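The values are calculated or read from the model by the stated rules, or taken from the named source; none is laboratory data. This structure is a prediction, so every number in the text was calculated from the model and none was measured. Every residue, glycine among them, receives a Cβ derived from its backbone with ideal geometry; neighbour counts consider all protein chains shown.
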Amino acid sequence: MKPIPVLTLGTAALLLAGCAGGAYAPKNENKYNQETNAKFVLMDSGAQRSVTTGGLEEKTLADGRLEVGAILRNRENRRIQVQVQCVFKDSAGFSTGDETPWQDVILTENGQETVRFTSMNNQATKYTVRVRQAR
């Protein structure tokens, strides 16, 4: 009868020791991290299969706001509808709180369309154009 309490105490000690480890470092902090550094990202597998960019253009307006142009190109031989958005960021890469609403774009077969975005304030120095399948 004595082995049962010893096993129970031993198991409890192991469990408590495992809980007392403190904080943990994040895992995979660089995996799935494209939005931090990339200027153009595809948000789902459908967009990844169907859309690419033909180029990005950025310029600073006279009042200090950032204007971004993105050419969206349909890679498929069928008409598709996607949604596109721009997140404006400061020099450290943090959002300035200036995200454009998602807008629908229809891309004809193997066609391309240019979309333009303008930041609301002059804090933006970086950006990320995001594309996803239409919902």
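If you scan the stretch 71-109, which residues turn out to be surrounded by 12 or more Cβ atoms within 10 Å (Cβ to Cβ), in contact (Cβ under 8 Å) with a residue 24 or more places away in the chain, among the acidic types (Asp, Glu) and part of a strand (DSSP E or B)?
Matches in the stretch 71-109: Asp98 only.
Does at least one position in the stretch 48-62 carry a residue that is touching a residue at least 40 places away in the same chain (Cβ under 8 Å), in contact with an Asp or Glu (Cβ under 9 Å, 6 or more places away or on another chain), under 13 Å from Thr125 (Cα atoms) and not in a loop (DSSP other than H, G, I, E, B)?
Looking for residues that are touching a residue at least 40 places away in the same chain (Cβ under 8 Å), in contact with an Asp or Glu (Cβ under 9 Å, 6 or more places away or on another chain), under 13 Å from Thr125 (Cα atoms) and not in a loop (DSSP other than H, G, I, E, B), one finds at least one in the stretch 48-62, hence yes.
Evaluate the following for Ser45: is it more than 30 Å from Gln123 (Cα to Cα), under 23 Å from the mean Cα position of the chain (by Cα) and modelled with pLDDT under 95?
The answer is yes for Ser45.
Which of the residues that make up the stretch 51-103 are of a type in the set (Asp, Glu) and within 16 Å of the chain's Cα centre (by Cα)?
If the condition is that a residue be of a type in the set (Asp, Glu) and within 16 Å of the chain's Cα centre (by Cα), then Asp90, Asp98, Glu99 are the ones that fit.
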